[in-house]
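Readers should treat all values here as calculations from the given coordinates under stated rules, not as data from a laboratory. Predicted, not measured: the structure shown is a model, and the values here were computed from it. Don't worry about glycine lacking a Cβ; one is built from the backbone with ideal geometry, like all the others, and counts go over all protein chains shown.
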């Protein structure tokens with residue numbers, strides 16, 4: 001039960017009878033009048049407990065998009081319900097409007113719309129529906145909260161999608177569609193075709209040319225071999241969801257940048273015909289996508305990523321080689337999305353790396369902080385110089401870790417948040433072109 | 001499923017739904033009553049105990065006024081009143097002159113005790129009082145009071161002590177020794193008395209010490225006025241001392257009726273100023289009560305929550321540059337000028353090496369040589385900037401940092417040119 005502003009005003013109006021009737025009589029009389037009015041009002045108000053709710057909400061949405069959810073409210077009570085309804089979603093679901101007027105006659109049904117604009121990825125839940133049902137005088141209301149659960153899974157936005165077309169074009173250049181003439185590591189035999197002027201003479205297949213010799217005795221037709229990059233390689237993406245991934249760089253947590261990068265890489269690699277597996281790991285596997293291909297892959301990846309939040313624990317790097325071995329026993333491209341900030345914090349990674357590089361091609365991708373880079377150039381006063389010095393030291397630490405990683409035989413990719421996904425895609429393309437997958 | 005869950009209206013459509021779907025979270029009034037039963041019982045018990053205490057205390061209707069016959073405290077006079085009552089004296093309390101007058105039926109068989117420490121009574125009232133009974137006991141009259149009661153007496157200040165019976169007054173004789181505190185009076189010489197009384201008056205001062213009497217009896221035409229200066233002999237805490245009780249009982253128990261008159265506000269016929277309650281209109285208190293209620297209602301109106309809060313676990317998000325800022329503050333607080341400059345120099349050297357096309361592993365001397373050659377500047381000067389000079393103070397540090405940036409820009413320009 002609750003009261004309205006009208007009730008307060010009505011009570012305050014009691015000042016007139018109190019002064020007029022000169023005292024206690026007026027007060028008691030007025031209180032009695034108000035009490036009777038409120039009782040009548042409450043008695044006529046329809047009970048919120050007589051309402052039945054049915055919620056329809058889409059299962060998934062992307063971060064940054066707006067979705068509509070609907071609430072079917074049917075009145076099974078004996079009196080009509082008029083008042084206000086609150087559809088209570090979690091704050092970061094961005095539900096609006098938060099209060100909606102409600103008027104449902106007996107036995108009828110209304111559909112209420114709530115638009116969600118989530119501000120955070122993950123599982124956004126609706127907890128309950130609260131209805132405040134006023135009487136005809138709107139003096140007092142009956143109020144009840146009814147559990148009507150619902151949830152929308154907010155997927156990572158994958159804004160790095162915009163880089164996909166240009167990278168696919170470069171992939172096509174590598175791929176069989178523009179066949180390469182050079183045989184190299186990581187290429188496989190594609191086809192034999194006739195020599196045309198401009199082809200590398202070294203790619204002429206003399207044995208095939210001899211077999212194709214025209215029986216009619218015409219001019220010799222030279223045959224060349226074409227090659228194309230190998231397909232069906234394995235790419236294992238390992239995203240670190242430990243302590244360091246919670247850090248926010250350029251208003252984006254590191255883990256979100258990692259997800260963006262891995263989505264772009266997965267999209268590219270699946271177009272290139274490679275198998276992509278995803279592991280999100282800190283001390284336990286938080287998300288795993290294995291054996292998916294084609295359009296299924298990205299859908300399953302975003303679904304797995306959506307509810308994962310960084311944990312404030314140190315990542316257990318020693319478990320990574322074992323996990324990768326579970327995924328594939330063959331040579332693979334292992335991409336580690338983590339942070340390489342300080343030699344101390346990266347010790348676990350550095351001691352583990354040789355085990356991985358012995359069997360696989362390894363790329364370590366890390367987000368670089370543009371703030372640190374900018375701080376090295378700002379040297380206006382004393383404080384800023386000390387800040388620049390600290391920034392230089394941080395860069396130096398990062399460079400030392402990167403050098404140590406390179407010494408272990410792995411590649412390093414660092415870039416600011418917006419540029420890390422394309423940079424990682426480029427690194428993948430470069431490795432593919434070099435046939436190192 | 002909870003017992004409170006209402007029947008499902010459309011069970012078919014949402015068959016697989018959560019069993020708790022549709023459960024009402026808000027407790028119904030009846031359930032709330034049941035849940036808060038313990039609290040309600042406790043509150044009721046507290047209220048009942050409070051009422052009982054008030055009733056028990058109320059029956060005592062204790063007054064805290066000194067010499068009040070209903071005051072059981074040390075300064076009250078309930079003891080003497082009760083004993084008098086047991087001895088067949090009708091003790092009638094009165095709080096105003098008119099009340100006292102209304103109680104007098106037979107003046108000849110009435111003792112009137114009057115005590116007016118605050119001086120509420122006027123001279124006329126005091127004069128009128130003298131006509132109420134044949135025996136009047138005035139307890140501790142003030143200086144001005146004496147004009148009406150006993151103009152022959154003068155106030156001689158406060159006194160206390162133990163006094164033997166030293167006069168023919170019966171009550172004093174029976175008491176033997178009297179001890180008490182209160183006021184003392186002196187009999188003025190006849191000439192000094194402003195209204196010299198007829199010689200019929202017999203003034204008997206008692207309980208003397210150095211000419212000051214603690215009790216003075218004035219007999220005049222069959223009427224007796226007793227000025228009792230030692231008021232403490234009537235008080236509960238001291239009445240049992242020496243012969244105090246005997247004096248009090250004999251003094252007050254001479255007639256069947258005793259009017260115990262304590263002067264109060266009620267004697268003020270025209271008060272000096274009307275009280276606050278009289279000045280304010282009758283509706284003020286109800287109006288203030290109403291406003292208080294309106295305030296409470298407004299609090300309920302604005303404060304009532306629209307359903308429970310929805311909780312959400314937010315992820316921990318730390319700014320990444322926090323460690324860098326922390327290190328900068330450490331440098332700054334420790335004045336680690338050399339360490340800071342070293343970091344800046346290393347950064348510059350690495351960038352210069354990259355600009356001049358030297359390998360990452362190049363030694364500092366090679367970089368200095370390359371830069372000196374490129375810019376055509378003195379090698380020593382560049383070496384001192386990049387390597388040797390120590391910053392002596394903060395301004396030197398800022399200066400060095402600027403020079404490093406200039407050097408980088410120069411090298412970049414020279415290479416571009």
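Quick notes
- Dividing the summed -39500 (n - 2.57) terms of all DSSP H runs of n ≥ 4 by the residue count of chain A sets its mean residue ellipticity at 222 nm at -10500 deg cm²/dmol.
- Under 17 Å from the residue A:117 label point (7 Å along Cα→beta-carbon), backbone N, the stretch A:76-102: A:89-99
- Between the beta carbons of residue B:41 and residue A:59, assuming R0 = 56 Å, the FRET efficiency works out to 0.65 to the nearest 0.05.
- Using only alpha carbons, chain B has a radius of gyration to Kirkwood radius ratio (Rg to Rh) of 1.55.
- Percent of Cα-Cα distances greater than 46 Å, calculated over the protein assembly as shown: 63
- With semi-axes defined as the square roots of five times the eigenvalues of the C-alpha gyration tensor, the equivalent ellipsoid of chain A measures 66, 30, 18 Å, largest first.
- When chain A is treated as a GNM with alpha-carbon contacts under 10 Å, the residue of A:56, A:357, A:257 showing the greatest mean-square fluctuation is A:56.
- Share, in percent, of DSSP beta bridges within the protein assembly as shown that are antiparallel, nearest 5: 65
- Percent of alpha-carbon pairs separated by more than 18 Å within the stretch B:270-337: 75
- Reciprocal of mean inverse Cα separation for the stretch B:35-126 (Kirkwood radius, Å): 16.8
- Degrees between helix A:347-359 axis and first principal axis of chain A (Cα, 0 to 90, nearest 10): 50
- Compared with the dominant principal axis of the Cα atoms in chain A, helix A:295-305 is inclined by about 50°.
- Residues residue A:68 and residue B:30, FRET efficiency given R0 of 45 Å [Cβ-Cβ distance, rounded to 0.05]: 0.70
- Sites residue A:168 and residue B:354 - FRET efficiency at Förster radius 35 Å, r taken between beta-carbons, to 0.05: 0.60
- Value of [θ]222 nm, deg cm²/dmol, for chain B, DSSP H segments ≥ 4, -39500 (n - 2.57) each, nearest 500: -12500 deg cm²/dmol
- Distance histogram for the stretch A:48-155 (every C-alpha pair counted, 10 angstrom bins, percent rounded to whole numbers): 16, 47, 26, 11, 1
- GNM result for chain A, Cα springs below 10 Å: residue of A:353, A:396, A:27 fluctuating most strongly: A:27
- Over the stretch B:324-416: Kirkwood hydrodynamic radius from C-alpha pairwise inverse distances, Å: 13.8
- Taking the longest Cα principal axis of chain A as reference, the axis of helix A:164-174 is set at about 10 degrees.
- Candidates A:415, A:208, A:391: whichever shows maximal mean-square fluctuation once chain A is modelled as a Gaussian network with Cα springs under 10 Å: A:208
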